[in-house]
Structures are given as structure tokens and as C-alpha cells.
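A quick write-up on the structure given underneath.
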Amino acid sequence: MYAVIATGGKQYRVAEGDVVRIEKLAAELGAAVEFDKVLLVGSGIDVKVGAPLVAGCKVSGVVHKHGKGEKKAIVKFRRRKHYLRQGTHRQFFTDVKITGIQA
């Protein structure tokens, strides 16, 4: 069984036992989290699509890890104007292990 959930402005396809890297959540390590914005639930040929959400469906998981992503370069440049600004950014993330899908 798999599901498509929405969190942090993005959509993720998850299945039981997967570890998903999502935007940072305000939860402690080992804390249980539930995602109630479920857009699609499927099991083999049987697929339920929500309009926009599937009613009565939840995906549960456990916070596995917090961290920062890889470093990205940010460059602002205007040619012939003597303008160059350089910087970097590292996005915070949370790894969540999916423990169950209730459909």
C-alpha cells in the first residue's frame, strides 16, 4: 500500500517502512507524527483519489533524524554594473520513517 501526502508545500509518495526527507518539523527525535493531508491511496490496482483529500485517511510516522542539507551557492550578478553578491544556503530537513497508512 502506498499514499501521496502533502507537507511543507510539497507532495511525497510514501509506503510503509520508507524513510522520507521532508521540510523541517517542530518535533523531537522519536516523536510520532501524523499526516492528515492525504491526496491519494493505492494498493495494487485499487486506487482512491481525493478531491482534494481522501476522507478518513491518515499516514503515521516517527521522526528519525534532523539535519541540514547540502550547501547551495547563491549568486546575484548584474553585468556591467560592478554588482556581484555571493552567498550560500543550507536547508533544514527532517527524516521521517513511515510506520503505517490507515485508509
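The numbers here are math on the coordinates, done by the rules we state, and not lab data. Note that the coordinates shown come from a computational prediction; the quantities given were computed from them, not determined experimentally. Virtual Cβ from ideal backbone geometry, glycine too; neighbours counted across all protein chains shown.
Report the local net charge at Ser60: Lys and Arg +1, Asp and Glu -1, summed over other residues whose C-beta lies under 11 Å from its C-beta.
-1
Starting from the Cα of Lys68, draw a straight line to each of the lysines and keep only those under 30 Å, dropping any in the same chain fewer than 8 residues away.
Qualifying lysines at Cα under 30 Å: Lys10, Lys24, Lys37, Lys58, Lys76, Lys97.
Subtracting the Cα-Cα distance from 0.36 nm times the residue separation, let me have the gained length for Phe77 to Ala51 in nm, one decimal.
Result: 5.0 nm gained on full extension.
Over the chain, what relative contact order in percent results from Cα pairs under 8 Å that are six or more residues apart?
In percent, rounded to a whole number, it is 33.
For region 67-103, which trypsin sites (Lys or Arg not before Pro) are both in a DSSP coil and crowded by at most 13 other Cβ atoms within 10 Å?
Passing sites in region 67-103 are Lys71, Arg79, Arg80, Lys81, Arg90.
Taking 7 Å along the Cα-to-C-beta vector as the label spot, tell me the Ala32-His66 distance in nanometres, rounded to one decimal.
The modelled label-to-label distance comes out at 2.1 nm.
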